[in-house]
1. Among the numbered criteria (1) assigned to a helix (DSSP H, G or I); (2) more than 7 Å from the ligand (Cβ to nearest atom); (3) open to solvent by 50 Å² or more (accessible area, probe 1.4 Å), which one does A104 miss?
2. Does the stretch 33-87 hold any residues that are within 13 Å of the ligand (Cβ to nearest atom), open to solvent by 50 Å² or more (accessible area, probe 1.4 Å) and in a loop (DSSP other than H, G, I, E, B), and which are they?
3. Can you spot a residue in the stretch 117-127 that is within 14 Å of the chain's Cα centre (by Cα) and of a type in the set (A, V, I, L, M)?
4. Based on what the data block shows, is K19 more than 10 Å from the ligand (Cβ to nearest atom) and under 17 Å from the mean Cα position of the chain (by Cα)?
5. Looking only at helices (runs of 4 or more DSSP H) that lie completely in the stretch 141-201, which have at least 1 residues being surrounded by 14 or more Cβ atoms within 10 Å (Cβ to Cβ) and at pLDDT 95 or above?
6. Just a yes or no: is a residue in the stretch 67-82 more than 12 Å from the chain's Cα centre (by Cα) and closer than 18 Å to A149 by Cβ?
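The values are calculated or read from the model by the stated rules, or taken from the named source; none is laboratory data. Everything numeric here is computed off the predicted structure, so don't read it as measured data. Positions of Cβ are backbone-derived with ideal geometry, glycine not excepted, and every protein chain shown enters the neighbour counts. Protein only, heavy atoms only, side chains kept; ligands, DNA and RNA dropped before computing areas. Shrake-Rupley method; radii C 1.70, N 1.55, O 1.52, S 1.80 Å.
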Amino acid sequence: MRIILIGPPGAGKGTQCQKLVEYLQVPHLSTGEMLRAAVRAGTPEGVQAGRFMDQGQLVPDAIILGMVTKRLEAADCRDGCLLDGFPRTLPQAATLDDLLERRAMSVDGVVELAVPRDELVRRMLARKRADDNPDIFAKRIASFEVQTAPLLDYYRRQGKLASIDGLGTADEIFARVRAALRGFARHQLPRQRREPSGPEV
Ligand code: ADP
């Protein structure tokens with residue numbers, strides 16, 4: 001399955017992604033992690049990206065798309081993957097659709113982890129990660145609301161969006177994620193009938 005997890009900073013995407021990749025046995029494609037690795041390695045892309053990340057801004061699409069395209073073309077992503085932190089803008093989503101379509105593939109479903117803004121701020125103050133400076137955090141939330149939230153409508157119109165409540169324990173939330181996956185799998189029934197030996201979620 002090719003699944004996208006979308007949620008604002010602090011929504012608990014990291015925890016759910018860990019559980020999901022183990023459950024689905026697919027590679028985890030996190031653009032945040034790829035970027036942090038590029039920053040650590042000091043590559044030209046990393047140096048450029050780091051300037052945006054430090055300000056709580058999105059990294060330009062050109063850098064992101066180069067990185068993700070290469071990764072999506074790798075053999076281990078042929079049968080599925082979990083996309084985490086990508087796409088984050090409408091141009092990224094459109095490029096992803098084109099790229100997959102050219103390979104006769106598609107996104108199977110998008111899970112939105114919905115968490116109210118005041119809860120995000122409360123969590124950020126409680127965990128105090130290095131990149132959780134309150135001003136920068138507010139900018140990351142704003143960039144989610146302005147640049148990423150429109151993706152929810154984009155995927156809703158494609159009939160691919162499942163919005164789930166991101167409040168509760170990690171296990172409670174993961175049960176909701178699994179229920180969303182079962183919904184995506186139902187949409188794929190015609191294809192599974194042609195391929196009776198296909199895996200079940
Ligand atoms: P979070 O979801 O907590 O904001 P991530 O680890 O996903 O954190 O991303 C960290 C930073 O990397 C983002 O704030 C942004 O600057 C950059 N980034 C990650 N993915 C993308 C993307 N798809 N497009 C643009 N910038 C990105």
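1. For A104, the exception is condition (1).
2. Q55, Q57, listed by residue number.
3. Initial filter on the stretch 117-127 (within 14 Å of the chain's Cα centre (by Cα)): none.
No, the stretch 117-127 has no match at all.
4. In short, yes.
5. On the way: elements: 150-157, 170-187, 189-194.
Per the criteria, 150-157, 170-187.
6. no
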